[in-house]
Structure formats: structure tokens, C-alpha cells
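Data block below; observations after.
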Amino acid sequence: MSGQIPAVFDRPVLGIETSCDETAAAVVEGIQLRSNVVASQADLHHRYGGVVPELAARRHIERLVAVVDEALEAASLDVADLGAVAVTCGPGLVGALSVGVAFAKSLSLASGKPLVGVNHLEGHIYANVLVHGPFPTPALALVVSGAHTDLLWIPDYGQYRVLGRTRDDAAGEAFDKAARALGLGYPGGPEIDRLSRRGDPARVPMPEPLASEGGYDFSFSGLKTAVLRALQQTPSPDPADVAAAFQRAVVSHLVRRTVRAAEDLQPACLLLGGGVAANRLLRESLGREAQRLGIPLWLPPPWLCTDNAAMIACVGAFRLARGERAGLDLRAWADLPWDGLPPR
Ligand code: KG4
Ligand code: ZN
């Protein structure tokens, strides 16, 4: 292990997450999860086949206070018992993020508790810490969410170097678009995961993205097009076969690039995070490859892969211990650099 395991803030941290379509609050003490409440808006966005930003922000306004109350109650704490408040300030939908940021600032102002801003994607990596403890460094992390697909080198805590990222759609976005083409609901990833179980991936041809290119970038738009093309054929293929072929192609693309980086850089561990990390085939395939390479693979349980506030409170606890504090001028960012927090 190259770096020291850093200190963690030792008082309860309330985490708040509203970057997309989950209204979430959680309490973490050290790296122990004390409560975790997620109010999903999937029912609200289902009929539109994707998240409607304006509706997401309004629903956060309606639900956030009750969700925070529930998280505090489940942890048997009052606001006065908290050590700090951590809030997602990006990347994400700015209107949705702003609800959480404004609430967290008001709570910090009224209670006198310190505030810290958290990068949502860093949260996805730290979901692992809540179940497995602090990770050894240097680490290689694959973050696969609805809007991001990033392969990262983590030489030490809080340091990130982007090795590769998607050139078009994110992996989760590709799952959602392919699901829509197949007439499945939103979010599409779990639906394709389920439908694939009874499909034969060998029955539908899929291209291998960026096959002739080295490096660690990703591309998924060609796979989405291949799904549309397959569905236009007569006789029309079994949707389960299309889903299985698409899922297998996405997963082998993700795994191939990650294995390449792992072989090149020899990390002390491999970290997976983000909603797509809940995918059964991805977990199995990466698990097999990590075992072959002799590198420990850390996976969050599926309920910590998708958006939640526990992972946000956990990042907050590390940042607070490093002395980071946000001012009441904290705002929301649609994009944020990996290596840190909001530019001031
Ligand atoms: O991380 P996340 O909850 O939200 C963002 O930060 O974007 O990721 C949501 C994405 C969605 O695109 C959803 O379809 C995908 O994660 N997802 C899955 C699975 N569960 C969620 N994709 C593939 N297989 C799954 N089991
Ligand atoms: Zn996310």
C-alpha cells in the first residue's frame, strides 16, 4: 500500500443527495452507516422514459425535509447531535442539486454545524468504503453511472487521474436508451439485466466498440445503434436475445478496457461504483478477471450502487477530517473536476 489510510471525521455526518432522481439523506459516523433513506422518483419519470429535470427538482422540494427527518430519526439523532452536513454539489442536474445545496446551507446556518460539498462521482467510489473499509492505494476505479463512464487512477486518497472516459453516451445512458428501444421502462439497466437472463447473446450480432484502438476510452453509441438495427429486422428477433447481446457487448467493452489498465498499472485494488455496478454480468465478469489478475475487486452491494446519501456522507467524513469546509456561497455545478471540489 503506497499511502496511509487517512483520518475520518469522528462525529455523525448528515449526507444529502439530490443530484438526479433520488431524494436521499443518510447519517454516517466515522465509516459506519447509521441510517440511509432513499426516496426514488422512478415512478414520476417512468412515463417519460427518462428524468425530467424540472419535475425532479420540484419533487426534491416536496420530499427532502421528510427524508432528512426520517434519516435522523432512524439514526436516533437530533440536528444538535450532528458534527457536520455534507451535500452533493455536482455533477448533476443543476436545478435538482440546488434543492439539496440550499437546504444544506440553511441547516448549516441555523444549526452552526460545518458544511462540506461533495462530488457525486467520488461518492460512488466511497460506497465501497462503507462496506469494505478504507481501500488500499494506488487503486484503479471504474465509475459507471447514468451520465458518466470514467476509468480513474487513484494514487492516494483524494487524488484522481482520469485514464479514460466515454466519448459519447455513458454506460447507464446506453442501457436506458436500449431499454427504451426495446419498449422497456425507465430506468432501463435493471430491466435489461432481468430480460437478458432468458436471452441468448449469440443470436444477435454486436460490434466491438473502439476495437482497433489502444488506450482506455469507451464508446457506447454504436451498440445502441446496433440494437435499433436488430429490432428493424424481419423476422424480428426475440427482445430477450437483443437485450442479452447488448448487455454482453457493453460489459465486455467495460471489462476489456479496465483489465488493460489493471495490467498496465498494477493497482493494489480495483474499485467499481455507480448505478451500472449493480449489473449482474458486469459484477461476475469483472470478478472473474480480477481473480485471474490476482487483484482484489471491491464492489458495493447493489443497494449502494445506485444513488444514495450514505456515500456522500462518507466522502464528507474524509474531507472534513482533512479540514475542508464549504462556505455559505456553495453552489451547484453541472460538471465538476474529479480532483476536487468546486472551483472557487
Ligand atoms: O449512479 P446512478 O444511480 O445515477 C447517476 O449518477 O446517474 O446510475 C443510474 C444508472 C441508470 O442509467 C440505470 O439504468 C443504471 O444506472 N443501472 C443499471 C442497473 N441498475 C441501474 N444498469 C445496468 N444494470 C443494472 N442492474
Ligand atoms: Zn450516481
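Going through (1) in contact with a Pro (Cβ under 6 Å, 6 or more places away or on another chain); (2) more than 25 Å from PRO205 (Cα to Cα); (3) not β-branched (Val, Ile, Thr) one by one, TRP298 falls short only on (1).
Of all residues in the range 85-97, those satisfying the criterion of being at negative phi and touching a helix residue (DSSP H, G or I) at 6+ places or on another chain (Cβ under 7 Å) are VAL85, ALA86, VAL87, THR88, CYS89, PRO91, LEU93, GLY95, ALA96. Taking the criterion of being under 30 Å from GLY30 (Cα atoms) and within 16 Å of ligand 2 (Cβ to nearest atom), the residues of the range 44-94 that qualify are HIS60, ALA86, VAL87, THR88, CYS89, GLY90, PRO91, GLY92, LEU93, VAL94.
Taken as a whole, the condition of being in contact (Cβ under 8 Å) with a residue 60 or more places away in the chain, within 15 Å of ligand 2 (Cβ to nearest atom) and touching a His at 6+ places or on another chain (Cβ under 6 Å) applies to THR18. Taking first residues from the range 207-232 that are at positive phi and partners that are modelled with pLDDT of 95 or more, the Cβ contacts under 7 Å between residues at least 6 apart in sequence or on separate chains come to LEU210/ASP217; LEU210/SER219; GLY215/GLY164.
Restrict the check to the range 77-90 and report whether at least one residue is more than 24 Å from LEU328 (Cβ to Cβ) and away from ligand 1 (no atom under 15 Å from the Cβ). The answer is no; no qualifying residue exists.
GLY146 - would you say it is buried (at least 21 other Cβ atoms within 10 Å of the Cβ), outside any helix (DSSP H, G or I) and within 16 Å of ligand 1 (Cβ to nearest atom)? It is true that GLY146 is buried (at least 21 other Cβ atoms within 10 Å of the Cβ), outside any helix (DSSP H, G or I) and within 16 Å of ligand 1 (Cβ to nearest atom).
Checking ALA7, ALA42, ALA86 one by one, the residue that is modelled with pLDDT of 95 or more and of a type outside the set (D, E, K, R) is ALA86 and no other. Against the conditions (1) modelled with pLDDT of 95 or more; (2) part of a loop (DSSP other than H, G, I, E, B), PRO235 satisfies every one except (1).
The residue of the range 11-23 that is surrounded by the fewest Cβ atoms within 10 Å (Cβ to Cβ), among those that are part of a loop (DSSP other than H, G, I, E, B) and away from ligand 1 (no atom under 12 Å from the Cβ), is ARG11. Looking across the range 82-117, the residues that are among the small types (Gly, Ala, Ser) and part of a helix (DSSP H, G or I) come down to GLY95, ALA96, SER98, GLY100, ALA102, ALA104, SER106, SER108, ALA110, SER111.
Selection over the range 189-220 of residues that are in a loop (DSSP other than H, G, I, E, B) and in contact with a helix residue (DSSP H, G or I) (Cβ under 6 Å, 6 or more places away or on another chain) gives a count of 9. One residue alone among VAL8, VAL67, VAL51, VAL37 is under 24 Å from GLY189 (Cβ atoms), assigned to a loop (DSSP other than H, G, I, E, B) and hydrophobic (A, V, I, L, M, F, W, C), and that residue is VAL51.
Per-residue answers, yes or no, for (1) small (Gly, Ala, Ser); (2) closer than 17 Å to LEU282 by Cα:
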site: HIS132; (1), (2): no, no
site: ALA147; (1), (2): yes, no
site: PRO155; (1), (2): no, no
site: TYR160; (1), (2): no, no
site: ARG197; (1), (2): no, yes
site: PRO201; (1), (2): no, yes
site: VAL204; (1), (2): no, no
site: ASP217; (1), (2): no, no
site: LEU223; (1), (2): no, yes
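Scanning the range 163-178 for residues that are away from ligand 2 (no atom under 16 Å from the Cβ) and without any contact (Cβ under 8 Å) to a residue 60 or more places away in the chain yields ARG167, ASP168, LYS177. When LEU271, LEU320, LEU281 are screened for being away from ligand 2 (no atom under 16 Å from the Cβ) and either in a loop (DSSP other than H, G, I, E, B) or under 24 Å from PRO155 (Cβ atoms) (or both), only LEU320 passes. Inside the range 274-299, residues that are polar (S, T, N, Q) and either within 16 Å of ligand 1 (Cβ to nearest atom) or not assigned by TED's automatic domain parsing to the domain that holds VAL251 (or both) make up a count of 2.
The values are calculated or read from the model by the stated rules, or taken from the named source; none is laboratory data. Since we're looking at a predicted model, the values are computed, not measured. Cβ: placed from backbone, ideal geometry, glycine included. Neighbour counts: every protein chain shown.
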